[in-house]
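Everything on this sheet refers to the single structure shown next.
The values are calculated or read from the model by the stated rules, or taken from the named source; none is laboratory data. Note that this is a predicted model, so its numbers are computed, not measured. Reconstructed Cβ throughout: ideal geometry from the backbone, glycine too, with neighbour counts over all protein chains shown.
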Amino acid sequence: MRIVLGVGGGIAAYKVASLLRLFTEAGHDVTVIPTEASTRFVGTATWEALSGNPVSNSVFDDVHLVNHVRLGHEADLVVVAPATADLLAKAATGQAGDLLTNTLLMAHGPVLFAPAMHTEMWQHAATRANVETLRGRGAAVLEPASGRLTGADSGPGRLPEPQAIFDAAMALVQGRSDYQLPLAGRTVTISAGGTREPLDPVRFLGNRSSGKQGVALAVAARNAGATVRLLAAHMEVPAPAGVEVQRVETALELREAALAAAADSDVIIMSAAVADFRPAEVSDTKIKKRDDTADPVITLVRNPDILQELVEQRNASRAGSGQLVVGFAAETGDSQGDVLAYAQAKLQRKGCDLLVVNHVGIDKVFGQDSNAVVILSRAGSEPQEASGTKTEVSEAIIRRISFELNHVSPRA
Ligand code: C5P
């Protein structure tokens, strides 16, 4: 397929090199047309080398080839990324001051805009009107992703991930012009890692959770277009870019953060390993090892079940009835029952909508890069299996969550 890839003048232009790679590796012939401003971010040499085609944005280069007409006519698809506020305005008003805008006016095939700009620009009435105009004329305009922007600010305005733009482009050529990222406009809260329950200022009760699964879920949800809040207990891996991170230590801190975040979340995924018990007393000073006293005895008290409380909070609020609550279960079978039987009982007890079940042993799952899970649904649909890397498993879980949100009626 012949693709014209227009590159706008935004910092996200650098990410478009990966998008170009996805197109060329899929066998497409790509002509890149960078705006003048975009070459301040990525030079034309990069586009020429990666596309294998000459690059220009002037209607006066190679005039005998009549590029300002030919490129648009011949393109099976035109993709503009990042589509800046300026480019959207130019396209909406039919300006033709350079090769890219000429090409947009001459395009015979589908046109996809992948916007990236600051939240206020995206939400400005002028941009909203331009987007509506373009959509009204049949162009596809993706919702930008949410998360960290160029400065310290965050919100909707990030360029969707290259793979997401690629998927949208392929959906568009297959005739699905209303394609949006499956979690566009949704807020997803994910807890990850293991809580630590202090005994004294230096000691704690912890667990083996690495946080890898929760972080992979955060990445998959972000890539699917969601605004992601990561409630990070102790993790061995760094938090990913483009998600809001709130650090928590204990189950009680996680409970407070989760109940607050749930108030405006479409999805809550409790992938953290929450300690079921905490020491009844936390010593202010380090517990001493002394020969003249008896060995210390640690008394434990039960932690609240956060997942269960999230379900209760959701069910108590009419407004929240569309919210999806997802739990994780790390189970081992025993002589009384197999893993799935225990997991089904847990799903009913906790009342969450989906339960992602791991089969654990000391060497399985915790800290590993791969995983195999079964997704159980309270609504009673068939158990769904997913296996592979934690990234692949997370993508399958996020696909299932998107399906439940977009195609299944409210739950509470
Ligand atoms: O009961 P169990 O610990 O096996 O349940 C696991 C699920 O419940 C996970 O989703 C975990 O994050 C959540 N959980 C919780 N609060 C607890 C214990 C577990 O939300 N105190």
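Values as computed for the structure displayed
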item: Any hit, the stretch 285-301, residues being modelled with pLDDT of 95 or more, in a strand (DSSP E or B) and within 16 Å of the ligand (Cβ to nearest atom); result: yes
item: Cross-chain or 6+ apart pairs with Cβ under 8 Å, the stretch 158-187 first and farther than 22 Å from residue 12 by Cα, then surrounded by fewer than 16 Cβ atoms within 10 Å (Cβ to Cβ); result: 173/1; 173/76; 177/138; 187/264
item: Residue that is outside any strand (DSSP E or B), free of Cβ contacts under 8 Å to residues at least 40 places away in the same chain and either touching a Ser or Thr at 6+ places or on another chain (Cβ under 6 Å) or in the same structural domain as residue 316 (by TED's automatic domain parsing) (or both), where the choices are 202, 215; result: 215
item: Which numbered condition residue 214 misses (of (1) within 30 Å of residue 27 (Cα to Cα); (2) crowded, with 24+ Cβ neighbours inside 10 Å); result: (1)
item: Any hit, the stretch 221-233, residues being under 19 Å from residue 310 (Cβ atoms), in contact (Cβ under 8 Å) with a residue 24 or more places away in the chain, surrounded by fewer than 20 Cβ atoms within 10 Å (Cβ to Cβ) and within 13 Å of the chain's Cα centre (by Cα); result: no
item: Filter result for the condition that a residue is β-branched (Val, Ile, Thr) and more than 18 Å from residue 271 (Cα to Cα), over 301, 325; result: 301
item: Residue list for the stretch 288-303, restricted to those being among the aliphatic types (A, V, I, L, M) and more than 29 Å from residue 274 (Cα to Cα); result: 294
item: Filter result for residue 16 (in contact with a helix residue (DSSP H, G or I) (Cβ under 6 Å, 6 or more places away or on another chain) and buried (at least 16 other Cβ atoms within 10 Å of the Cβ)); result: no
item: Conditions (1) modelled with pLDDT of 80 or more; (2) more than 15 Å from the ligand (Cβ to nearest atom); (3) surrounded by 15 or more Cβ atoms within 10 Å (Cβ to Cβ); (4) more than 24 Å from residue 221 (Cα to Cα); number of the one not met by residue 342; result: (2)
item: Top-ranked residue of the stretch 251-282 - restricted to ones that are in a loop (DSSP other than H, G, I, E, B) and surrounded by 20 or more Cβ atoms within 10 Å (Cβ to Cβ), ranked as farthest from the ligand (Cβ to nearest atom); result: 265
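Every residue, every condition in (1) assigned to a strand (DSSP E or B); (2) within 16 Å of the ligand (Cβ to nearest atom); (3) at pLDDT below 95, yes or no:
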residue	(1), (2), (3)
180	no, no, yes
188	yes, yes, no
209	no, yes, yes
242	no, no, yes
246	yes, yes, no
